[in-house]
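The values are calculated or read from the model by the stated rules, or taken from the named source; none is laboratory data. Just so we're clear, the structure is a prediction, and the values are computed from it rather than from any experiment. Here the Cβ is made from the backbone with ideal geometry for all residues, glycine too, and neighbour counts use every protein chain on show. Note: accessible area is taken over every heavy atom of the protein model, side chains too, but ligands, DNA and RNA are not part of it. Shrake-Rupley method; radii C 1.70, N 1.55, O 1.52, S 1.80 Å.
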Amino acid sequence: MDRTFRYDFSATEAAANARVLRRELYGASRWVYALVEMLPLALFATAVAGAYLGWWGDHYFTAVIVAAAIVLFWTRFVSPRLRRHVQKPAGGLLEGRTVEYEFGEDGYRIRTETFEGFQKWAGVDRVIDAKGTILFVLGFHAHFLPDRLFASAEARREF
């Protein structure tokens, strides 16, 4: 099964593949995470407005303190973990650089101008055959082979 693919990295392709990967892994777009991050802020604003307008009666101080604690917890622990999943990759730094993949029975070798590594097949979580690309998923990251590397649809299926 020895196969070698060599291509110039495209940040646009990488961004498109990152969107495919997020959809496959998390089933939601980045807008869902942005809305979820706004929930504690809305809670805190409601608590402050309720305290000002007297919605909470004698419990307004407790409502504001509880809302502030939730906001603090959310921004310190939950939000950074969510943001890690949707942050933009630094693909622009690799724009135009040559990436080479060499596939073998044990795994595949990756080479760029500044990096060389070997990934065993046992470490690949799954392979996603998405429209326009093949993604090799490793945790929250993936390596991808764009369709343009294959001579035909038949060659892609064979691979």
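Scanning the range 146-159 for residues that are open to solvent by less than 40 Å² (accessible area, probe 1.4 Å), free of Cβ contacts under 8 Å to residues at least 60 places away in the same chain and within 18 Å of ASP8 (Cβ to Cβ) yields one hit, PHE150.
Search the range 103-126 for residues being at pLDDT 90 or above and of a type in the set (Phe, Trp, Tyr), and hand back the single one that is farthest from the chain's Cα centre (by Cα). Only one residue fits best here, namely PHE103. Tell me which residues, restricted to the range 114-140, are without any contact (Cβ under 8 Å) to a residue 40 or more places away in the chain, part of a strand (DSSP E or B) and over 16 Å from TYR7 (Cβ atoms). Correct list: GLU116, GLY117, PHE118, GLN119, LYS120, ARG126, VAL127, ASP129, LEU138. Residues in the range 127-145 that are open to solvent by 80 Å² or more (accessible area, probe 1.4 Å) and over 16 Å from the mean Cα position of the chain (by Cα) were compared, and the one that is modelled with the highest pLDDT is ASP129. Can you tell me which residue is modelled with the highest pLDDT among those in the range 53-67 that are touching a Gly at 6+ places or on another chain (Cβ under 9 Å) and open to solvent by 90 Å² or more (accessible area, probe 1.4 Å)? Checking each candidate, the answer is TYR60. Residues that are out of contact with any His (no Cβ under 9 Å at 6 or more places or on another chain) and in contact (Cβ under 8 Å) with a residue 12 or more places away in the chain within the range 101-113 comprise GLU102, PHE103, GLY104, GLU105, ASP106, GLY107, ARG111, THR112, GLU113, listed in sequence order.
In the condition set (1) in contact with a strand residue (DSSP E or B) (Cβ under 8 Å, 6 or more places away or on another chain); (2) at pLDDT 80 or above, ILE70 is compliant with all but (1).
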